[in-house]
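Novice: The structure follows.
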Amino acid sequence: MIRYDLLIVGGGLAGLSAALSADPKFKVAVISKVHPIRSHSVAAQGGINAALANHPDGAEDTCDLHAFDTIKGSDYLADQDAAELLTRLAIPTMYELDHWGVPFSRFPKGTIAQRPFGGAGFPRTCYAADRTGQVLLHTLYEQAVRRNIVFYEEWLVTDIIIRDRKLAGLVAYDLAGGEIIPLRARAVIFATGGYGRVYQKSTNAYINLGSGIGMAYKAGIPLKDMEFVQFHPTSLLGKNILITEAARGEGGYLINAKGRRFMEDYASKAMELAPRDIVARSIQREIDKGNGFEGQYVHLDLRHLGREKILKRLPGIRDICLHFAGLDPIDRPIPILPAQHYSMGGIDVDATCASPVEGFFAAGECACVSVHGANRLGGNSLLEAIVFGKVAGESASAYLRGGSAGIDADRETAEAARALMARMRSIHEREAGENVFQLLNRLKRLMSDTAGIFRDAPTLSRGLEELAELREAYRRVFIYGNCGRYCQEMVVLVEFEHMLEIAEAILLGALRREETRGSHFRTDFPKRDDAAWLKHTIITRSEKGPAITYRDLKPGRYAPQERVY
Amino acid sequence: LTFKILRFEPQRDERPRFQLYSHEPKPQDTVLEALKDIRDQQDPSLSFRYSCREAVCGSCSMVINGRISLACRTQVSDLGSDEVVIEPLPNLEIQKDLIVDLKPFWEAYRRIEPFLQAPEGPPERGHQVDEKDMERVFQYITCILCACCYSACPVATRDGRYAGPAALAKLYRFAIDPRDRRPFSSLERVDGPDGVWGCDTVFRCNDVCPKDVRPADGIEGLRRKIIAGKAKRIFRREP
């Protein structure tokens with residue numbers, strides 16, 4: 001039996017940050033279904049927020065103001081103490097990252113450069129051109145190499161073993177070895193990322209199936225605020241590849257088919273730099289009103305920024321446009337439309353990243369602390385992944401130091417691995433059945449059609465009905481290839497089961513929340529309702545199906561006010 | 001269109017074989033999108049690596065009509081051919097179908113100590129770094145470690161001990177970082193035929209790099225740094 005004190009699941013920014021902060025006296029390993037630098041953190045572009053006050057227009061910036069922007073941006077659903085913790089830790093975190101080797105772009109006087117981002121009172125987004133996620137992920141991986149952290153690469157975790165409300169172990173599929181393997185650990189940190197590919201149109205990597213969230217839910221750990229799904233305003237037409245908010249931060253315009261900077265009608269002060277929920281909705285409204293090009297997109301125009309600025313600040317965006325749309329943003333506007341981008345909700349954890357199950361922690365996009373509430377500000381996700389990854393590593397270490405003896409669950413863990421193997425074999429031995437890749441495509445269409453930017457009760461209910469049919473179809477799933485090495489059918493088959501749970505949690509949470517807040521816009525309840533809904537949605541799986549309860553927010557420093565930008 | 005895709009399952013098959021698939025991609029489909037559609041619609045057993053689909057994660061390097069590249073960044077229509085031949089990266093062991101074992105690539109990466117070596121704890125307000133000096137590093141940090149260059153390099157092909165273009169370019173990236181204080185001995189580790197002097201300067205790495213890193217510039221830069229470092233040492237000994 002493979003045994004560790006601490007197993008970290010996920011090799012993106014949150015997982016690596018957790019690994020780097022875990023007490024080195026414990027036996028720690030990171031399990032990742034892809035090589036860590038292939039994780040989706042690599043695709044983040046625009047930057048990471050910290051009130052360094054390096055920008056000439058941001059000399060007055062403080063972490064309190066950063067916290068206020070984050071809370072207002074969250075439509076007041078963030079836990080204010082957690083948001084304050086995040087923004088306070090942001091500053092030392094930036095200097096530590098810089099010291100670890102992150103090649104942040106610089107201002108002429110040598111300090112870390114900062115740019116304006118949506119919903120922020122000051123330019124506080126630190127960046128490395130438009131490849132910030134890539135340099136952060138590579139740098140954290142480099143530090144992990146430096147410290148000889150053990151990696152299980154291309155291992156997919158399939159099950160969480162819990163006994164007596166205590167974490168006992170995991171089961172994983174080793175892709176290269178082709179085997180299903182039981183692992184014991186006294187503590188586990190999930191840093192498995194978001195579920196973007198539950199949607200058809202998503203900026204996320206293909207691998208972002210989000211199964212970690214669904215797996216935790218299936219194991220009895222509650223999920224929080226799952227109805228809050230971020231749609232990024234600017235994804236490239238056709239491919240939905242992210243076009244960073246930095247393109248607007250650097251001064252890009254959004255233009256409709258009538259040639260107007262339409263953000264004037266929706267956020268006259270912040271214009272293109274209003275928070276993402278507002279900009280995404282505005283774009284969709286323009287398209288729905290018939291002000292889109294070919295009825296389906298608007299333009300992101302960077303031409304006035306000039307060649308030099310585009311080449312220096314947005315070289316990655318230019319590459320994407322050249323290679324994936326065959327156009328040069330120096331000469332032509334970029335066709336864009338909103339697409340799913342981020343999951344504000346996730347595994348219910350507190351500000352120490354602890355879940356109700358002893359020894360089970362979660363951090364990053366798969367977790368919901370919550371610091372983003374109903375809408376995340378751009379530049380806060382990389383920050384959250386790194387800061388709360390670190391918090392999780394420290395919390396798990398403290399838990400281990402607490403001397404929790406752990407429990408003897410070798411038999412259960414080995415049994416769970418055998419059960420999965422037997423199940424795969426029996427699916428493989430069927431004569432025929434559903435192709436899991438096609439089921440996945442059906443799920444994506446369903447979610448895009450029924451739980452998008454604008455929602456209402458009949459559509460969400462229809463989504464739940466269709467989801468039930470899909471669940472039935474999944475019972476007939478079939479593995480066409482061999483259940484051996486690199487069986488990607490098996491990977492998707494295992495993940496899909498958890499995606500069904502995620503989809504249900506999103507749809508149910510959205511149906512029950514009869515108000516509009518942040519990214520959750522109900523056309524049948526178009527107003528925010530603080531009296532009734534200033535609370536987190538908690539969804540727990542029980543024998544009888546999903547059970548929803550609500551948790552009131554702790555009162556914070558900032559009373560909810562109208563969000564005008 | 002006909003897609004001729006190399007299939008191989010080492011545990012079961014004696015040797016690799018090509019399998020033909022007939023598939024009509026949508027107008028702007030990339031090779032990766034075509035592969036996914038073929039898998040989803042025709043053959044769920046087909047295996048290949050993928051993640052970001054936007055040329056930043058480095059997963060889907062393969063050989064497409066004889067050219068090493070990222071499948072996600074190659075438009076099918078740009079190939080201008082009725083037949084698309086897809087093979088795994090050369091010079092690496094096939095694990096399954098288009099998936100190769102990148103172990104030698106990652107071992108070379110680890111050998112060069114791929115991390116910033118700055119001496120003490122972080123300065124209170126961060127490092128002061130000249131804007132232009134930092135930008136010099138940017139050429140190399142666009143590397144996505146996809147191993148296209150390693151796989152294309154004729155030297156790495158014939159000598160498994162050669163560090164290869166990506167690892168050497170990575171070392172150069174640190175060597176020119178103003179915050180890095182690595183000792184000269186760290187560069188001397190690549191002062192040999194399995195390091196910078198192994199390079200044949202045929203620039204296959206520059207040709208195939210999907211991110212325009214030009215790894216050979218890094219190798220050239222390291223050579224200059226090593227020569228300069230040695231000269232300095234001699235000069236110091238014999239004033």
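The values are calculated or read from the model by the stated rules, or taken from the named source; none is laboratory data. Here the structure is a predicted model, which is why all the values come from computation and not from measurement. Every residue, glycine as well, gets a Cβ built from its backbone with ideal geometry; the counts of neighbours run over all protein chains shown. Keep in mind that these areas ignore ligands, DNA and RNA; they rest on the heavy atoms of the full protein, side chains included. Shrake-Rupley method; radii C 1.70, N 1.55, O 1.52, S 1.80 Å.
Novice: From the residues A:Ile2, A:Leu52, A:Leu20, which one has its Cα farthest along the dipole of the stretch A:1-58 in the positive direction, the dipole being from +1 and -1 charges on Cβ of Lys/Arg and Asp/Glu about the Cα centre?
Specialist: Farthest along the dipole direction, towards plus: A:Ile2.
Novice: Follow-up question, since we're still on this one. With every protein chain in place, what's the accessible area of B:Ser45 (1.4 Å probe, Å², nearest 10)?
Specialist: About 30 Å², ignoring ligands and nucleic acids.
Novice: Roughly what % antiparallel, to the nearest 5, for the DSSP beta bridges in the protein assembly as shown?
Specialist: 70
Novice: Relative to the first principal axis of the alpha-carbon coordinates of chain B, what is the inclination of helix B:165-175, with its axis defined by its Cα atoms, in degrees from 0 to 90 and to the nearest 10?
Specialist: Between the helix axis and the principal axis of chain B, the angle is about 30 degrees.
Novice: Are there residues in the stretch B:51-84 whose accessible area shrinks by at least 30 Å² when all protein chains are included rather than the chain by itself, and which are they (probe 1.4 Å, ligands and nucleic acids not counted)?
Specialist: Residues passing the criterion (a loss of at least 30 Å², heavy atoms only) are B:Ser51, B:Arg53, B:Glu54, B:Val56, B:Cys57, B:Arg73, B:Gln75.
Novice: Among the GluC sites (Glu not before Pro) within the stretch A:280-377, which fall in a DSSP loop and have no more than 11 other Cβ atoms within 10 Å of their own Cβ?
Specialist: Filter output for the stretch A:280-377: A:Glu294.
Novice: Roughly how many Å² is the accessible area per residue of the stretch A:154-199, as a whole number, for a 1.4 Å probe?
Specialist: 24
Novice: Sticking with this one: Quick check on chain B: helices-only [θ] at 222 nm, where DSSP H runs of length 4 and up contribute -39,500 (n - 2.57) each and the sum goes over total residues. Nearest 500, please.
Specialist: Per the formula, -10000 deg cm²/dmol.
Novice: Counting residues in the stretch B:94-165 as N, plug N into 2.2 N^0.38 Å and put the Cα Rg over that result.
Specialist: 1.51
Novice: If I stretch the segment between A:Ile2 and A:Ala457 completely, what's the gain in nm (0.36 nm per residue apart, minus their alpha carbon distance), one decimal?
Specialist: 159.0 nm
Novice: Inside 10 Å of the C-beta atoms of B:112-125, what's the mean count of C-beta atoms belonging to other chains?
Specialist: So the per-residue partner count for this stretch is 4.
Novice: Using a 7 Å offset from Cα along Cα-Cβ at B:Thr2, what residues in the stretch B:40-76 end up with backbone N under 19 Å from the label point?
Specialist: Flagged as within label range: B:42-43, B:64-67, B:76.
Novice: Can I ask one more? If I take R0 = 35 Å and measure r between the Cβ atoms of B:Glu135 and B:Glu93 in this structure, what FRET efficiency does the formula 1/(1 + (r/R0)^6) give, to the nearest 0.05?
Specialist: Between B:Glu135 and B:Glu93 the formula returns 0.35.
Novice: Still on this structure: Going toward the positive end of the dipole of the protein assembly as shown, with +1 on Lys and Arg Cβ and -1 on Asp and Glu Cβ, which of B:Pro88, A:Phe293, A:Ala274 do you reach last?
Specialist: Looking along the dipole axis, the top candidate is B:Pro88.
Novice: Here is a follow-up. Positive end of the charge dipole of the protein assembly as shown (Lys, Arg +1 and Asp, Glu -1 on Cβ, about the Cα centre): tell me which of A:Gly403, A:Ala339, A:Ile506 has its Cα farthest that way.
Specialist: The residue sitting most towards the positive pole is A:Gly403.
Novice: If you put +1 on each Lys and Arg Cβ and -1 on each Asp and Glu Cβ, how big is the dipole of the stretch A:180-240 around its Cα centre, in Debye rounded to 20?
Specialist: 200
Novice: Let me ask you something else. Hey, what D do you get for the stretch A:493-565 in µm²/s if you plug the Kirkwood alpha-carbon radius into Stokes-Einstein at 37 °C and 0.692 mPa s?
Specialist: The calculation lands on 230 µm²/s.
Novice: Note the full-extension length gain between B:Lys103 and B:Gln117 as 0.36 nm times their separation in residues minus their Cα-Cα distance, in nm to one decimal.
Specialist: Contour length minus the Cα-Cα distance gives 2.6 nm.
Novice: Using protein chains only (no ligands, no nucleic acids) and a 1.4 Å probe, work out which residues of the stretch A:7-41 have their accessible area cut by at least 20 Å² relative to the chain alone.
Specialist: So the qualifying set is A:His35, A:Ile37, A:Arg38.
Novice: Mind listing, in residue-number order, the residues in the stretch A:185-230 that have at least 50 Å² less accessible area with every protein chain present than in their own chain alone (1.4 Å probe)?
Specialist: Those residues are A:Tyr206.
Novice: Sticking with this one: Treat each spin label as a single point 7 Å out from the Cα along the C-beta direction, and report the B:Arg17 to A:Arg423 distance in nm.
Specialist: About 3.4 nm separates the two model spin labels.
Novice: Next question, about the same structure. Report, in whole Å, the centroid distance computed from the Cα atoms of the stretch B:61-137 and the stretch A:21-69.
Specialist: Here the answer is 23 Å between Cα centres.
Novice: Here's something else I'd like to know. Compute the distribution of all C-alpha to C-alpha distances in the stretch A:338-467, in bins of 5 Å from 0, and list the percent of pairs in each, rounded to whole numbers.
Specialist: P(r) for the stretch A:338-467, in whole percents per bin: 2, 8, 12, 11, 12, 14, 16, 13, 9, 3, 0.
Novice: So, one more: With n ≥ 4 as the cut-off for DSSP H runs, can you work out [θ] at 222 nm for chain A, using -39500 (n - 2.57) per run divided by the number of residues, rounded to the nearest 500?
Specialist: Theoretical 222 nm ellipticity from helices: -11500 deg cm²/dmol.
Novice: Sticking with this one: Please give the charge dipole size of the stretch A:136-269, origin at the Cα centre, charges +1 on K and R Cβ atoms and -1 on D and E Cβ atoms. Round to the nearest 20 debye.
Specialist: Computed charge dipole of the stretch A:136-269: roughly 300 debye.
Novice: While we're looking at this one, here's another question. Over chain B, with a Gaussian network built from C-alpha contacts below 10 Å, which listed residue (B:Ile219, B:Ile141, B:Ile86) shows the highest mean-square fluctuation?
Specialist: B:Ile141
Novice: Under a crude label model (7 Å from the Cα following the beta-carbon direction), how far is B:Arg161 from A:Asn148 in nanometres?
Specialist: The two pseudo-label positions are separated by 2.3 nm.
Novice: If you don't mind, there's one more thing I want to ask. Counting only protein heavy atoms and rolling a 1.4 Å probe, how much accessible area do B and A lose on contact, total for both sides, in Å² to 100?
Specialist: 5700
Novice: Using 0.36 nm times the number of residues separating A:Asp449 and A:Arg163, minus their current alpha carbon distance, what extension gain do you get?
Specialist: 99.1 nm
Novice: Also, I was wondering about something else. As a test of the definition: which semi-axes, in Å, follow for chain A when you take the square root of five times each eigenvalue of its alpha carbon gyration tensor? Largest first, please.
Specialist: 35, 27, 23
Novice: Please report the carbon-and-sulfur percent of the accessible area for the stretch A:116-221; probe 1.4 Å, protein heavy atoms only, DNA, RNA and ligands left out.
Specialist: The value for the stretch A:116-221 is 43 percent carbon and sulfur by accessible area.
Novice: Oh, and also: Using a Gaussian network model of chain B whose springs link C-alpha atoms within less than 10 Å, name the residue from B:Ala55, B:Ala147, B:Ala216 with the highest mean-square fluctuation.
Specialist: B:Ala55
Novice: Could you give log10 I(q)/I(0) at q = 0.11, 0.16 Å⁻¹ for chain B, computed by the Debye formula over C-alpha point scatterers of equal weight, without solvent?
Specialist: -0.65, -1.10
Novice: Right, something else. Would you work out the charge dipole size for the protein assembly as shown about its Cα centre, treating the Cβ of every Lys and Arg as +1 and the Cβ of every Asp and Glu as -1, and quote it to the nearest 20 debye?
Specialist: Approximately 1380 debye in magnitude.
Novice: If I model a spin label as a point 7 Å beyond the Cα along the Cα-Cβ vector, how far apart are those points for A:Glu514 and B:Glu220 in nm?
Specialist: Distance between the two pseudo-spin positions: 7.1 nm.
Novice: At a Förster distance of 60 Å, what's the computed FRET efficiency of A:Ala219 paired with B:Ile234, Cβ-Cβ distance as r, to 0.05?
Specialist: Working from the Cβ atoms, E equals 0.40.
Novice: Now a separate question. Can you list the lysines whose alpha carbon is less than 26 Å from that of A:Lys312, not counting same-chain residues fewer than 8 positions off?
Specialist: Output for A:Lys312: A:Lys109, A:Lys239, B:Lys132, B:Lys170, B:Lys211.
Novice: When the Cα centres of the stretch B:189-239 and the stretch A:151-217 are compared, how far apart do they sit, in Å?
Specialist: A separation of 42 Å, based on Cα centres.
Novice: Let me ask something additional. Diagonalise the Cα gyration tensor of the stretch A:24-120 and give the resulting equivalent ellipsoid semi-axes, square root of 5 times each eigenvalue, largest first, whole Å.
Specialist: Taking √(5λ) for each Cα gyration eigenvalue gives 26, 20, 14 Å.
Novice: Any chance you could tell me what percent of the C-alpha pair distances in the stretch A:428-539 go past 18 Å?
Specialist: For the stretch A:428-539, the share of Cα pairs beyond 18 Å comes to 55 percent.
Novice: Considering only C-alpha atoms, what is the centroid distance from the stretch A:264-293 to the stretch A:412-472, in Å?
Specialist: First find each Cα centre; the distance between them is then 34 Å.
Novice: Right, next: Could you pull out every whole DSSP H run in chain A that spans at least 20 Å of Cα extent along its own axis and averages -0.5 or higher on the Kyte-Doolittle scale?
Specialist: Going by DSSP H runs, the hits are A:80-100, A:132-146, A:381-401, A:436-450, A:457-474, A:488-512.
Novice: Moving to a separate point now. Which loop-located trypsin sites (Lys or Arg not before Pro) does the stretch B:1-91 contain, where loop means any DSSP state but H, G, I, E or B and the Cβ has at most 15 other Cβ atoms within 10 Å?
Specialist: Passing both the DSSP loop test and the Cβ count: B:Arg12.
Novice: Could you tell me what percent of the accessible area of chain B is made up of carbon and sulfur, with a 1.4 Å probe and every protein chain present?
Specialist: 48
Novice: Would you work out the relative contact order for chain A, in percent, from Cα pairs under 8 angstrom that are 6 or more residues apart?
Specialist: 22
Novice: Ok, one more. Given a 1.4 angstrom probe, I'd like the percentage of the accessible area of the stretch A:408-565 that is carbon and sulfur, rounded to a whole number.
Specialist: Heavy-atom surface of the stretch A:408-565 belonging to carbon and sulfur, 1.4 Å probe: 49 percent.
Novice: What fraction of the DSSP beta bridges in the stretch A:419-565 is antiparallel, stated in percent and rounded to the nearest 5?
Specialist: About 70 percent, rounded to the nearest 5.
Novice: Measuring with a 1.4 Å probe in the full set of protein chains, what accessible area per residue, in whole Å², belongs to the stretch A:218-278?
Specialist: Here the per-residue accessible area is 27 Å².
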